[in-house]
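Novice: Sharing a structure here in structure tokens format.
The values are calculated or read from the model by the stated rules, or taken from the named source; none is laboratory data. Computed from a predicted model, the values in this text were never measured in an experiment. A quick note on method: Cβ atoms are made from the backbone with ideal geometry, for glycine too, and the neighbour counts reach across all protein chains shown. Ligands, DNA and RNA are excluded from the accessible area calculation, which covers all protein heavy atoms including side chains. Shrake-Rupley method; radii C 1.70, N 1.55, O 1.52, S 1.80 Å.
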Amino acid sequence: MRAAFVTAGDTKRLTGGYLYNRRLLEGLEESGVEVEVMVPSGADPAEQATAAPGFGRAFDPAPFDVVVVDALARIVVAPHMDAWRSVRPVVTLVHELPGAADPSLADRERPFEFPLLRSGRLVAVSRHGKEVLLDRGVPAGRVAVVPPGFDGLERHPEQPRAGGVLRVVCVAQWIPRKGILDLVRAWRTGDRSGAVLDLVGETDADAGYAARVREAASVDPSILVHGPVDDATVAGLYASADLFALPSRYEGYGIVYAEALSFGLPVIACAVGPVPEVLGDEAALLVPPGDIDALSGALGRLLSDAGLREKLSAAARRRAAGLPRWRETVEGFLGVLRDVVEERGGMSVPDPAGPRAQNRRSWNAVVGAHDSHRGDLAGFLKAGGSTLFPEETRLLGDLSGRTVAHLQCNSGGDTLSLAGLGAEVTGVDLSDEAISSARRLSGESGLPARFVRADVYDWLAESAEGGARFDAVFASYGVVCWLADLVSWARGIEAIMAPGGRFVLVDFHPAADVFDALWNVASDYPSGGEPLLLEEGVGDYVADSGGGLTPAGFAEGVDGFRNPEPCHLFRWGLGEVVTALAGAGLKITALEEYPYSNGERHFSRMRELPGRRMAPPESVPAVPLMYGIRAEKVEGSR
């Protein structure tokens, strides 16, 4: 694939947007995408307006498969976007819209925003950014959320801090909306003896504002101005800090907040835009924007209370574990590029897993409908509730202190329930929307887990190659039907299991597939991974369950959902599943069959038994509707 990437300004600057671009472009090129970066002008609006006519004459989109536009270059590209779209698909990357960041600029920005909003796809970097685009009339199907990673900074073993000085670090560009002057003023209103404020970041973007910050900071020797620094230096400042403070009044995402969490730093921030989404509920003190007294009070609380700092630090590390990595950012963006190129009927994009790509779209389409019925699931989990059924917990056994990989984790309810049992859990799912929902649920519930958007085959291979090993691997309900290759799946599971570890699968029984909705025998028993195309796509089975899948309470939510994206299934028999696991070297220690299904009402007239178990009507003989497998990796295995 050949892609043109159009941006503006100094691409080497140390700001979040340019950092995102650099990481993204490096990753796309490593993935085999040939990217040509074009910088027709500086970022200044006047420079862009001057350069716009010449760039329109010089740039020909025809040699490329897709054109990616950074919204920062909105003025220089605006006159040409519609013409480009007539030739090649256009994707716009929106870190933020100036008219949203500063409403006083809305009228000025509107003529430049509209051409961006007509792009074939718009990529927002946060859910908040997506809402901004939806509010401007962009159809939801044309907006993808691809958040940044945070794992680009190298970490070294922590060194003991000398002298007991408490350090507060702020990493940000010196512009008014970042609130640097507010922070300096708040710092000076309290007693900060024994503490230091480290100001890190570009200081030359707004000379007038920078002069005011310097004047306010110069009278206090506890405020240290570092200016722009390299990655190693900023990593060292994070590592030596006791807390992070940035009272920004607007953010597109806020990579520095995620970086601070990853270093276990309690955070002081403002409750604006996507910032609460990034920070979660327990790792930060949030204050109103522009409220210097509240900001000063938050600084005082954290500087004076070691116990509170320790509590928020632990929450920060838990929160960081569930945030995306840069690899996931690249994968998500590459998926968007593939989609728009395929839709336009352009070049054949290398994609060895075509059905998987389509399934990803089908799942992305349905997640919102599913989630709309689940009630206050975050509150339910936070209060100690669990979405797991007894069959799963019994087969899994004690998980306290164990590492668990949860494959095909969907929106994360079961993953976080495993975390509630004391496990350190990594959830993996194909769907971007499901992983986004899972991360949000983790933050709202306060239950830690790491969530990874990935194809299960790719993740298993990469994890095994990287040396990851888990005490338990778990998958449940609607697992096998999405697998095109049972042998590779089973081998991948065995490869990431620690010696003595166990794999637990609870899934719907293939015997049930011989019936139609009215309990008539209508199909052959599944075998051989026979492909099955469902034109209707993944349905809203959570709504159809009528409360069977919503232990936190059923909400009416989305009514009459219809999925525009078809999906591909694969029909396997139970013997084939067992054979694949045994063939991978795992010892089958349990195979159970159950004459009911947990939660889901697959057929008409199902009876609900205690514990949200659904059984056939009395007139239908008992038949296995669900099964459970436990397989173990023998001690002494590799």
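Novice: Among the residues of the range 1-26, write down those that are out of contact with any strand residue (DSSP E or B) (no Cβ under 6 Å at 6 or more places or on another chain), among the small types (Gly, Ala, Ser) and not in a helix (DSSP H, G or I). Steps first, please.
Specialist: Of the range 1-26, the ones out of contact with any strand residue (DSSP E or B) (no Cβ under 6 Å at 6 or more places or on another chain) are 1, 8-24, 26.
Applying the additional criterion that residues be among the small types (Gly, Ala, Ser) yields 8-9, 16-17.
Result: Ala8, Gly9.
Novice: I've got another one for you. Kindly indicate whether Arg402 is out of contact with any His (no Cβ under 7 Å at 6 or more places or on another chain), more than 14 Å from Ala321 (Cα to Cα) and surrounded by fewer than 24 Cβ atoms within 10 Å (Cβ to Cβ).
Specialist: Values: out of contact with any His (no Cβ under 7 Å at 6 or more places or on another chain): yes; more than 14 Å from Ala321 (Cα to Cα): yes; surrounded by fewer than 24 Cβ atoms within 10 Å (Cβ to Cβ): yes.
So Arg402 fits the description; yes.
Novice: Please find, within the range 472-501, the residue that is surrounded by the fewest Cβ atoms within 10 Å (Cβ to Cβ) out of those that are part of a helix (DSSP H, G or I) and not hydrophobic (A, V, I, L, M, F, W, C). Write out each step before concluding.
Specialist: Of the range 472-501, the ones part of a helix (DSSP H, G or I) are 480-482, 486-496.
Restricting the remaining residues to those that are not hydrophobic (A, V, I, L, M, F, W, C) gives 488, 491-492, 494.
Working: Ser488: 16, Arg491: 19, Gly492: 23, Glu494: 22.
Restricting to residues being part of a helix (DSSP H, G or I) and not hydrophobic (A, V, I, L, M, F, W, C), the top hit is Ser488.
Novice: Mind listing whichever residues of the range 32-58 are assigned to a loop (DSSP other than H, G, I, E, B) and buried (at least 16 other Cβ atoms within 10 Å of the Cβ)? Break it down stepwise before answering.
Specialist: So the first thing to find is which residues in the range 32-58 are assigned to a loop (DSSP other than H, G, I, E, B), and the list is 32-33, 39-44.
Residues satisfying the conditions are Val33, Val39, Pro40, Ser41, Ala43.
Novice: For the range 437-457, how many residues meet the condition of being closer than 19 Å to Asn364 by Cα and either open to solvent by 30 Å² or more (accessible area, probe 1.4 Å) or not small (Gly, Ala, Ser) (or both)?
Specialist: Matching residues across the range 437-457 total 9.
Novice: Could you tell me whether the range 59-69 includes any residue that is modelled with pLDDT under 95 and either under 17 Å from Leu19 (Cα atoms) or assigned to a helix (DSSP H, G or I) (or both)?
Specialist: Checking the range 59-69: not a single residue is modelled with pLDDT under 95 and either under 17 Å from Leu19 (Cα atoms) or assigned to a helix (DSSP H, G or I) (or both).
Novice: Give the residues of the range 101-134 that are part of a helix (DSSP H, G or I), in contact (Cβ under 8 Å) with a residue 60 or more places away in the chain and buried (at least 20 other Cβ atoms within 10 Å of the Cβ), sorted by residue number.
Specialist: His128, Gly129 - these are the residues of the range 101-134 that are part of a helix (DSSP H, G or I), in contact (Cβ under 8 Å) with a residue 60 or more places away in the chain and buried (at least 20 other Cβ atoms within 10 Å of the Cβ).
Novice: When only residues in the range 282-303 that are open to solvent by 40 Å² or more (accessible area, probe 1.4 Å) and within 29 Å of the chain's Cα centre (by Cα) count, which is farthest from Ala186 (Cα to Cα)?
Specialist: It comes out as Glu282.
Novice: Follow-up. I need the full set of residues from the range 425-436 which are modelled with pLDDT of 95 or more and open to solvent by 30 Å² or more (accessible area, probe 1.4 Å), in order please.
Specialist: none
Novice: Next question, about the same structure. In the range 583-606, what residues are open to solvent by less than 40 Å² (accessible area, probe 1.4 Å) and either closer than 22 Å to Gly573 by Cα or within 32 Å of the chain's Cα centre (by Cα) (or both)? Show your work before the answer.
Specialist: Of the residues in the range 583-606, the ones open to solvent by less than 40 Å² (accessible area, probe 1.4 Å) are 584, 586, 590, 594, 596-600, 603-604, 606.
Those that are open to solvent by less than 40 Å² (accessible area, probe 1.4 Å) and either closer than 22 Å to Gly573 by Cα or within 32 Å of the chain's Cα centre (by Cα) (or both): Ala584, Leu586, Ala590, Tyr594, Tyr596, Ser597, Asn598, Gly599, Glu600, Phe603.
Novice: Identify all residues within the range 135-164 that are hydrophobic (A, V, I, L, M, F, W, C), assigned to a loop (DSSP other than H, G, I, E, B) and at pLDDT below 90; write none if there are none.
Specialist: First, the residues of the range 135-164 that are hydrophobic (A, V, I, L, M, F, W, C): 138, 140, 143-146, 150, 153, 162.
Checking which are assigned to a loop (DSSP other than H, G, I, E, B) leaves us with 138, 146, 150, 153.
Of everything in the range 135-164, those that are hydrophobic (A, V, I, L, M, F, W, C), assigned to a loop (DSSP other than H, G, I, E, B) and at pLDDT below 90 turn out to be Val138, Phe150, Leu153.
Novice: Residues of the range 72-88 being out of contact with any helix residue (DSSP H, G or I) (no Cβ under 6 Å at 6 or more places or on another chain) and part of a helix (DSSP H, G or I), which ones? Working first, answer last.
Specialist: First pass over the range 72-88, keeping only residues out of contact with any helix residue (DSSP H, G or I) (no Cβ under 6 Å at 6 or more places or on another chain): 72-73, 77, 82-88.
Correct list: Leu72, Ala73, Val77, Asp82, Ala83, Trp84, Arg85, Ser86, Val87.
Novice: Restricting to the range 70-90, name every residue that is in contact with a Ser or Thr (Cβ under 7 Å, 6 or more places away or on another chain), hydrophobic (A, V, I, L, M, F, W, C) and over 11 Å from Gly120 (Cβ atoms).
Specialist: Of everything in the range 70-90, those that are in contact with a Ser or Thr (Cβ under 7 Å, 6 or more places away or on another chain), hydrophobic (A, V, I, L, M, F, W, C) and over 11 Å from Gly120 (Cβ atoms) turn out to be Ala71, Leu72, Ala73, Val76.
Here is a yes/no grid of residues against (1) assigned to a helix (DSSP H, G or I); (2) polar (S, T, N, Q); (3) within 18 Å of Pro147 (Cβ to Cβ):
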{"position": "Leu395", "(1), (2), (3)": "yes, no, no"}
{"position": "Ser400", "(1), (2), (3)": "no, yes, no"}
{"position": "Ser411", "(1), (2), (3)": "no, yes, yes"}
{"position": "Leu416", "(1), (2), (3)": "yes, no, no"}
{"position": "Ala419", "(1), (2), (3)": "yes, no, no"}
{"position": "Gly422", "(1), (2), (3)": "no, no, no"}
{"position": "Gly427", "(1), (2), (3)": "no, no, yes"}
{"position": "Leu441", "(1), (2), (3)": "yes, no, yes"}
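Novice: Based on what the data block shows, is Asp544 touching a residue at least 24 places away in the same chain (Cβ under 8 Å) and not polar (S, T, N, Q)? Break it down stepwise before answering.
Specialist: Details: touching a residue at least 24 places away in the same chain (Cβ under 8 Å): yes; not polar (S, T, N, Q): yes.
For Asp544, the condition - touching a residue at least 24 places away in the same chain (Cβ under 8 Å) and not polar (S, T, N, Q) - is met.
Novice: From the list Val504, Val558, Val542, exactly one residue is under 24 Å from Ser362 (Cα atoms) and either in a strand (DSSP E or B) or open to solvent by 50 Å² or more (accessible area, probe 1.4 Å) (or both). Which is it?
Specialist: Working: Val504 fails: under 24 Å from Ser362 (Cα atoms); Val542 fails: either in a strand (DSSP E or B) or open to solvent by 50 Å² or more (accessible area, probe 1.4 Å) (or both).
The conditions single out Val558.
Novice: Select from the range 461-471 the residues that are open to solvent by less than 30 Å² (accessible area, probe 1.4 Å) and at pLDDT below 95 and write down the one among them that is farthest from Val146 (Cα to Cα).
Specialist: Narrowing the range 461-471 to residues open to solvent by less than 30 Å² (accessible area, probe 1.4 Å): 463-464, 470.
Going one step further and asking which of them are at pLDDT below 95, we end up with 463-464.
Details: Ser463: 22, Ala464: 26 Å.
By that ranking, first place goes to Ala464.
Novice: Follow-up. Would you be able to say whether some residue in the range 174-183 is basic (Lys, Arg) and exposed (fewer than 15 other Cβ atoms within 10 Å of the Cβ)? Reasoning before the result, please.
Specialist: Of the residues in the range 174-183, the ones basic (Lys, Arg) are 177-178.
This time we only want the ones that are exposed (fewer than 15 other Cβ atoms within 10 Å of the Cβ), so: none.
No, the range 174-183 contains no residue that is basic (Lys, Arg) and exposed (fewer than 15 other Cβ atoms within 10 Å of the Cβ).
Novice: Now a separate question. Picking from Ala434, Ala419, Ala454, which residue would you name as being more than 21 Å from Val125 (Cβ to Cβ) and touching a residue at least 24 places away in the same chain (Cβ under 8 Å)? Give the steps one after another, and end with the answer.
Specialist: Values: Ala434 fails: more than 21 Å from Val125 (Cβ to Cβ); Ala454 fails: more than 21 Å from Val125 (Cβ to Cβ).
Answer to the selection: Ala419.
Novice: Among the numbered criteria (1) free of Cβ contacts under 8 Å to residues at least 40 places away in the same chain; (2) part of a helix (DSSP H, G or I), which one does Ala269 miss?
Specialist: (2)
Novice: Being among the aliphatic types (A, V, I, L, M) and under 24 Å from the mean Cα position of the chain (by Cα) is the filter here; which residues of the range 75-115 pass it?
Specialist: Initial filter on the range 75-115 (among the aliphatic types (A, V, I, L, M)): 75-78, 81, 83, 87, 90-91, 93-94, 97, 100-101, 105-106.
Matches in the range 75-115: Val90, Val91, Leu93, Val94, Leu97, Ala100, Ala101.
Novice: Also: Given the conditions (1) of a type outside the set (D, E, K, R); (2) in contact with a strand residue (DSSP E or B) (Cβ under 9 Å, 6 or more places away or on another chain); (3) open to solvent by 40 Å² or more (accessible area, probe 1.4 Å); (4) farther than 30 Å from Gly375 by Cβ, which single one is not true for Leu609?
Specialist: (4)
Novice: Of these, Ala321, Ala306, Ala316, which one is modelled with pLDDT under 95, exposed (fewer than 15 other Cβ atoms within 10 Å of the Cβ) and on the phi < 0 side of the Ramachandran plot? Spell out the reasoning first.
Specialist: On the way: Ala321 fails: exposed (fewer than 15 other Cβ atoms within 10 Å of the Cβ); Ala316 fails: exposed (fewer than 15 other Cβ atoms within 10 Å of the Cβ).
Only one candidate passes the filter, namely Ala306.
Novice: While we're on this one: I want to confirm something. Restricting to the range 507-539 and keeping residues that are open to solvent by 30 Å² or more (accessible area, probe 1.4 Å) and among the charged types (D, E, K, R), which single residue is farthest from Ser362 (Cα to Cα)?
Specialist: Asp524
Novice: Would you check which residues across the range 612-622 are among the aliphatic types (A, V, I, L, M) and crowded, with 16+ Cβ neighbours inside 10 Å and list them? Break it down stepwise before answering.
Specialist: Restricting attention to the range 612-622, the residues satisfying the condition of being among the aliphatic types (A, V, I, L, M) are 614-615, 620, 622.
Scanning the range 612-622 gives Met614, Ala615.
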